[in-house]
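Down below is the structure, laid out as structure tokens.
Taken together, the values in this text are just the output of simple stated rules run on the coordinates, not laboratory data. All of these numbers come straight from a predicted model, not from anything done at the bench. Methodologically, a virtual Cβ is constructed for each residue, glycine included, from the backbone with ideal geometry; neighbour enumeration extends over all protein chains shown.
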Amino acid sequence: MGLNIVLLEPEIPQNTGNIARTCAATGAALHLIEPLGFSIDEKAVRRAGLDYWSKLSLFVYPDLEDFFHQNKGSFFFCTTKARQSYCDVDYPSNSYLFFGKESRGLPEGLLLRHPSSCIRIPMKKDIRSLNLANTVAIVTYEALRQQGFRALELRGELHRHNWDSV
């Protein structure tokens, strides 16, 4: 199994769209836990121009309990309240990276049940938080780096020139 991105009750469709693009580009599965602050029906997705939506491994759950009933693996909870950096943990295959709603983050009760799995991105003390889509991208790429970027293209090619001629 690969990497899994879990969004608990996301509120802003643009953030989820950007996160979906990150998942499509990396092969990470996207797990959405309701309620959602927007529609993801086919018409809404098409109107938003999310042409990569069909390339996603997408799962939607009615609540957190249903998510945990259906999924097993290593869980990591991204929060500004954590005591350890996202760089200080090992992300095994089949890791689940949890992110909370934009207005409140993850519930503290959930964090207290998993204290050693709570991670944060270091930042200045007077900044409340980073944008959710940026946070997901940062932590996702660290987990993928640790896993050797398996199944990802590591080299790019020029359109009109050849790198070998340089």
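Listing for the model above:
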{"item": "Exposure proxy order (Cβ contacts within 10 Å, fewest to most) of 67, 149, 38", "result": "149, 38, 67"}
{"item": "Shape of segment 52-144, Cα gyration tensor, a/c cut at 1.5", "result": "rounded"}
{"item": "For segment 4-165, size of Cβ-based charge dipole, Lys and Arg +1, Asp and Glu -1, in debye", "result": "380 debye"}
{"item": "Which listed pairs, of 72/125; 43/72; 81/124; 55/81, have C-alpha distances above 24 Å, in listed order", "result": "72/125; 43/72; 55/81"}
{"item": "Longest exposed-site-free window of the chain, the sites being GluC sites (Glu not before Pro) in a DSSP loop that have at most 13 other C-beta atoms within 10 Å", "result": "1-152"}
{"item": "Cα-based helix-to-principal-axis angle, 132-146 vs the chain, degrees rounded to 10", "result": "70 degrees"}
{"item": "FRET efficiency estimate (nearest 0.05) - Cβ-Cβ, residue 145 to residue 84, R0 22 angstrom", "result": "0.80"}
{"item": "Pairwise label distance in nanometres, residue 58 with residue 154, each label 7 Å out on the Cα-Cβ vector", "result": "3.2 nm"}
{"item": "Tilt relative to the chain, helix 13-26 - C-alpha long axis, 0 to 90 degrees, to 10", "result": "50 degrees"}
{"item": "For 159, 114, order by how many other beta-carbon atoms lie within 10 Å, fewest first", "result": "159, 114"}
{"item": "Calculated from backbone phi, Karplus (6.51, -1.76, 1.60) coupling profile of segment 108-120 in Hz, x at Gly/Pro", "result": "4, x, 5, 5, 5, 6, 9, x, 7, 10, 8, 10, 9"}
{"item": "Compactness of segment 4-165 - radius of gyration and Dmax, Cα, Å", "result": "16.7, 58"}
{"item": "Table column - 3J(HN,Hα) (Hz), segment 156-166, Karplus curve with 6.51, -1.76, 1.60, x for Gly and Pro", "result": "x, 10, 6, 7, 10, 9, 10, 4, 5, 8, 8"}
{"item": "FRET E, pair residue 12, residue 123, Förster distance 25 Å, beta-carbon r, rounded to 0.05", "result": "0.80"}
{"item": "Where labels lie 7 Å past Cα in the beta-carbon direction, separation of residue 71 and residue 166 in nm", "result": "3.8 nm"}
